[in-house]
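The values are calculated or read from the model by the stated rules, or taken from the named source; none is laboratory data. What you see is a predicted model, and the numbers here were worked out from it, not measured in a lab. As a convention, Cβ positions derive from the backbone with ideal geometry for all residues, glycine included, and neighbour counts pool all protein chains shown.
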Amino acid sequence: MAWLQAAPLAAVFAVFFLVPLALIVMVSFWQATDYELIPGFTFQSYADLASEVTVRTYLSTVKFSLVTWALTLAIGFTVAYFLAFHVRSVMWQTVLFILCTVPFWTSNVIRMISWIPLLGRNGLVNDTLLAAGLVDQPVEWLLFSDFSVVLAFVHLYTMFMIVPIFNSMMRIDRSLLEAARDGGASPLQAVWHVVVPLSRTGIIIGSIFVIALVMGDFITVGVMGGQQIASVGKTIQVQAGVLQFPAAAANAVVLLATVLLMIWALMRLVDLRKEL
């Protein structure tokens, strides 16, 4: 029977997702001292989230998420469109697609650290700008800034946008583009009125991946922000490190709710079950 076939997966889902999530929600209502956790029921951890600093941290995290989403969408759509419609050979499509995955062959930390010799005060970019006479002194905002954090996010997560969009574009009937051009549509109009609507499933899936990953990221913000830029994920890591588990759990619950709300808004744009 169907429920017996689904039972093993449902059990794994319950043990490794629902139970830990329930424990996090439960701990978020506890209290903590410097030495112990005190079981109970209090909204103090959630009340503390209403502080100005916490609100700014959430806004900063959402800002990073939206900026990264916009950039990865622009880059991912362009790359996917080129691979799907301008590379005629299947072999070259495969080769170029694999080339896009090369950064994933190393860890995220190594890929982030590789930017430091380029963007640092005495890095290659500043040395080049100084040698060319474009600046009089090293540019400070290239590293340990919002710019470097967004740059690292785009570097790390653009592939999560390329893959689903490329998959959607490969399913598009090429005759539709020919019909659009025969009808007098310009190449840009054909892309906007044919390719974009038919690629929306891939766009939504890629958007969900990117937004969820950026919202929960704390390593990238810590490394590329020089431990000077706040994010919700970084806050949770710090709170857990100093054993303030109720505060960390409350932040985790609110962060999860925020991400789920953003995903729900994206899911309203397309019925993934029907499209897939």
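Points to keep in mind about this one:
- Residue under evaluation Thr42, criteria (1) in contact (Cβ under 8 Å) with a residue 60 or more places away in the chain; (2) surrounded by 13 or more Cβ atoms within 10 Å (Cβ to Cβ); (3) of a type outside the set (Lys, Arg), criterion not met: (1)
- Any hit, segment 248-261, residues being under 24 Å from Gln44 (Cβ atoms), crowded, with 20+ Cβ neighbours inside 10 Å and either among the polar types (S, T, N, Q) or modelled with pLDDT under 90 (or both): yes
- Selection from segment 2-31 of residues that are part of a helix (DSSP H, G or I), of a type in the set (Phe, Trp, Tyr) and more than 29 Å from the chain's Cα centre (by Cα): Trp3
- Residue identified as surrounded by 12 or more Cβ atoms within 10 Å (Cβ to Cβ), more than 19 Å from Ala249 (Cα to Cα), small (Gly, Ala, Ser) and without any contact (Cβ under 8 Å) to a residue 60 or more places away in the chain among Ala70, Ala6: Ala70
- Search result, residues across segment 218-230 that are closer than 21 Å to Glu52 by Cβ and either in a helix (DSSP H, G or I) or modelled with pLDDT of 90 or more (or both): Val221
- Only residues that are among the small types (Gly, Ala, Ser) and either surrounded by fewer than 18 Cβ atoms within 10 Å (Cβ to Cβ) or in contact with a Cys (Cβ under 7 Å, 6 or more places away or on another chain) (or both) were counted across segment 218-247, and they come to 3.
- Sole exception among (1) touching a helix residue (DSSP H, G or I) at 6+ places or on another chain (Cβ under 6 Å); (2) without any contact (Cβ under 8 Å) to a residue 12 or more places away in the chain for Phe17, by number: (1)
- Residue under evaluation Val87, criteria (1) under 30 Å from Thr201 (Cα atoms); (2) surrounded by 15 or more Cβ atoms within 10 Å (Cβ to Cβ); (3) under 27 Å from the mean Cα position of the chain (by Cα), criterion not met: (3)
- When segment 165-217 is limited to residues that are part of a loop (DSSP other than H, G, I, E, B) and surrounded by 17 or more Cβ atoms within 10 Å (Cβ to Cβ), the one that is farthest from the chain's Cα centre (by Cα) turns out to be Ser199.
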